[in-house]
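Just below is one structure, and these are the notes that go with it.
Since every read-out is calculated from the coordinates, none of them should be taken as a lab result. These figures come from a predicted structure and were not determined experimentally. With ideal geometry, Cβ positions are generated from the backbone for all residues, glycine too; neighbour counts draw on all protein chains shown.
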Number of protein chains: 2
Amino acid sequence: MTTIKDIARRANVSDATVSRVINNSPNVKPQTREKVNKAIEELNYYPNSLARGMRSKKTHSIGLLLADITNPFYAETAKTIIERAGNHGYSIILCTTNNDISEQQKYIDVLLQRKVDGFIFASVHWKDPSLSAVIEAGLPYVLYNRKTSAYKRSNYVVLDNELGAYLAVEHLYKLGHRRIALIRGPHTFSTGKERSNGYLKALKEFGLSHDEKLIVQGKYSGKESYDSAMKLFNSNKPPTAIFASNDLMALRAYDAALFCGLSVPRDVALVGFDDIEIASHRAIGLTTVSQNRNLMAEIALDTLRKIIENESPQEPAQVVLKPMLTVRETCGSQMKKI
Amino acid sequence: MTTIKDIARRANVSDATVSRVINNSPNVKPQTREKVNKAIEELNYYPNSLARGMRSKKTHSIGLLLADITNPFYAETAKTIIERAGNHGYSIILCTTNNDISEQQKYIDVLLQRKVDGFIFASVHWKDPSLSAVIEAGLPYVLYNRKTSAYKRSNYVVLDNELGAYLAVEHLYKLGHRRIALIRGPHTFSTGKERSNGYLKALKEFGLSHDEKLIVQGKYSGKESYDSAMKLFNSNKPPTAIFASNDLMALRAYDAALFCGLSVPRDVALVGFDDIEIASHRAIGLTTVSQNRNLMAEIALDTLRKIIENESPQEPAQVVLKPMLTVRETCGSQMKKI
DNA sequence: AGACAAAATGTAAACGTTTACATAATACTA
DNA sequence: TAGTATTATGTAAACGTTTACATTTTGTCT
């Protein structure tokens, strides 16, 4: 391993000067800089991040905690974050929690040991004690997509989920649907809760009765939503439309509908949430609540970077983005006459 | 920050003893161990990974380089790797290269500075000089999915892509198809090349003429495959079946077919490669070459871990897994009579 | 040319561990 | 019980940087 000392010896300067060159310190004679760079080149030297971090208390690494990287929503936002971080000299340590708080806790501990400069969470629960370790350590963090009740002064960037859900149901209502079901996401997450709220709000506003039979459970990934949709279709008064709390769930419902021999949208209309890539495929054509994912991820990263680099304990950045409805084929323009 | 010294003082032992406790060294009196653990508990101490890595030359971190995390194939394998690594005390630093060699080179440099214990690559090109830095540094690495010609003695775990493609074309042939097109992946990757080879081999074997007009270009992600499929459909002798080099490309072709008013599989049959999650959705039903992704990712990680932990420079581990064809709806069981 | 300010460089400590080696405590043997 | 082997603990150096401070060099002004 060639170290800063080797360079120093070769260039006939002190370690400190080499360090100055590496760090682009202004006060170094151009001639010296050149000498040092030459030695660096010749010996194929690159600095040791561990030693740097050890001394300077900055590792230029960020912990990113996601529920599930196979959910396209997270994959796409992670991509944005990783690339943007890389462009600014930060590396991303990626951890996936499977929505398990104790997993998250475990990863937070690991990342604290690794001395990350900050955290980005897209994995928090509404009740989530695990952030306390981060806060005690005094490390900056930003939440995206999901908020938590545990720390009101968190930095976050989220969507107006209630509005999104409202728009979805409104659309269905205007198409003539009156029996609109909800496959709700887990209420242990702000997204699940808020989207359910938006659904209920719309029902009330349009004078539709709140029928508990039309509300079924789902998880954001996995097969549960499929079974829940089946339950809806097999009930004695099935819905004419379904709003699902995310696209993955909507796709499961779609799958279940096809299994039941139902046609979408003729027999049942479908709206999802997230606008993942596949939603726009012509074989799917999922109507969905869309959000500017890139923007969300960008804001999350930039906010964190600003906090890390300024160290200024300003007011928490709390951004709420507005969703819009992207209309495709799964709702049709007419509802089936019953 | 509470350090090992604080613990030592509190427990009335030396730093070395604390270190021994932390590292589960055998030679420490149970009573002492308890004393130390108590102090650790009380002061809420956790060791500093940077300092550890600095001294012990092991960071328990692994660099994972992928082309594109939004491709479900990579997302799913990454998930497996991240989780499995976490279970063994390793953290994953994730980098995405967008199939750009210079990006890859850049990330390799960063990861070398960060003193990762090893690399996992699913991003290598067939001609790929960027690994040389890893090899010079003497760090272990494992390739998965793609091989490279640059280093014959690399550890890798890949699929028998040629066989996979052959199976796909064979299936189409047996269904009666004689004009079978290929949307080929970039030949700058082993996967693209090998899958094309399998296609050609099958053509030859079944006595089908090799028609260059039936072979079009695609990239593994992005819209290019859509345009290429359009070209096929708009030609004066369109194919009755298409084999695409991965599922994402097959989905693009599917989309293009629908845009052209073609029915799948009545007007055109479709086979993909990878068997990503959405392929099994009933609205899609993509026939595809499937592989045991979990297995591939598991082997990749376990192989790397073994090398890291044994340090033994054995024979390179070179694993080739066998694919199988998963038949769904996009081929039908009959071809259209022309 | 001399005095002073500014710029460039050097020195050495510090960051928080692990580890080779030395030493002390304990257990075992005859 | 003395002598020895074994186990437990301590000491101090080392890992490769950065940085506060000290020192030297260079430049500016009269």
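Worth a mention:
- When both bridge partners sit in the protein assembly as shown, DSSP labels roughly 10% of those beta bridges antiparallel.
- Between copies, the label points of residue A:259, set 7 Å from Cα on the Cα→Cβ line, lie 3.3 nm apart, reported in increasing order to one decimal in nanometres.
- For the range B:161-291, the spread of Cα positions along each principal axis, largest first, Å: 32, 32, 26
- Rg ratio (alpha-carbon, reference 2.2 N^0.38 Å) - the range B:142-220: 1.18
- Ordering of A:193-206, B:156-169, A:109-122 by packing [mean C-beta count within 10 Å, highest first]: B:156-169, A:109-122, A:193-206
- Cross-link pairs beyond the 26 Å C-alpha cut-off, checked among A:58/A:106; A:231/B:79; A:79/A:219; A:29/A:306; A:306/B:106: A:231/B:79; A:29/A:306
- For residues of B:72-81, the mean tally of beta carbons on other chains within 10 Å: 4
- Global form of the protein assembly as shown, assessed from the alpha-carbon gyration tensor, a/c cut-off 1.5: oblate
- Value of Rg to Rh for the range A:1-138, rounded to two decimals, is 1.13; Kirkwood radius and Rg both from alpha-carbon coordinates.
- Taken one residue at a time, the phi angles of the range B:224-234 give Karplus couplings (6.51, -1.76, 1.60, θ = phi - 60°) of 3, 5, 4, 5, 5, 5, 4, 4, 4, 5, 8 Hz. Gly and Pro are set to x.
- Cα-based Rg of the range A:4-47 normalised by 2.2 N^0.38 Å, two decimals: 0.96
- Relative contact order %, the range A:24-108, counting alpha carbon pairs below 8 Å whose residues are six or more apart: 27 percent
- As a rough guide to protection, the peptides A:96-105, B:143-152, B:67-76 ranked by mean Cβ packing within 10 Å, highest first, stand as B:67-76, B:143-152, A:96-105.
- For the range B:110-191, averaging the sequence separation of C-alpha pairs within contact (under 8 Å, six or more residues apart) and dividing by the residue count gives a relative contact order of 31 percent.
- A Förster radius of 56 Å, combined with the Cβ-Cβ distance separating residue A:319 from residue B:41, puts the computed FRET efficiency at roughly 0.90.
- Cα-projected label distance for residue A:188 with residue B:237, points at 7 Å along beta-carbon direction, nm: 6.1 nm
- Peptide B:86-96 - average C-beta neighbours from other chains (10 Å radius): 5
- Residue pairs exceeding 20 angstrom between C-alpha atoms, taken from A:5/B:57; B:193/B:322; A:127/A:193; B:147/B:174; A:193/A:213; A:35/B:57: B:147/B:174; A:35/B:57.
- From most to least packed by mean Cβ count within 10 Å, the peptides A:267-280, B:8-21, A:314-327 give A:267-280, B:8-21, A:314-327.
- For chain A, the longest principal axis of the Cα atoms and the long axis of helix A:72-87 meet at an angle of about 20 degrees.
- Copy-to-copy label distances for residue A:231, where each label lies 7 Å from Cα along Cα-to-Cβ, are 5.1 nm in order of increasing length.
- In chain A, the DSSP-assigned H stretches of four residues or longer account for a calculated mean residue ellipticity at 222 nm of -13000 deg cm²/dmol, using -39500 (n - 2.57) per stretch and the full residue count as denominator.
- Treating each Cα of chain A as an identical point scatterer and summing with the Debye formula, the log10 of I(q)/I(0) at q = 0.14 Å⁻¹ comes to -1.03.
- C-alpha center-to-center spacing [the range B:143-158, the range A:214-249] in angstrom: 44 Å
- Charge dipole magnitude, Cβ of K and R +1, D and E -1 - the range B:4-47, Cα centre, debye nearest 20: 140 debye
- FRET efficiency for residue A:282 and residue A:55, using Cβ-Cβ distance with R0 set to 56 Å, rounded to 0.05: 0.50
- Label sites at residue B:201 and residue A:27, each approximated as a point 7 angstrom past Cα along Cα to Cβ, lie 6.8 nm apart.
- Copy-to-copy label separations for residue B:315, where each label sits 7 Å from Cα toward Cβ, in nm and ascending: 6.8
- Inter-chain shielding of B:98-109 (mean C-beta neighbours from other protein chains, 10 Å cut-off): 1
- In percent, rounded to a whole number, the relative contact order of chain B is 16, using alpha-carbon pairs under 8 Å and six or more apart.
- Efficiency of FRET from Cβ geometry, residue B:210 and residue B:329, R₀ 25 Å, rounded to 0.05: 0.30
- Kirkwood analysis of the Cα pair distances in the range B:46-117 returns a hydrodynamic radius of 13.1 Å.
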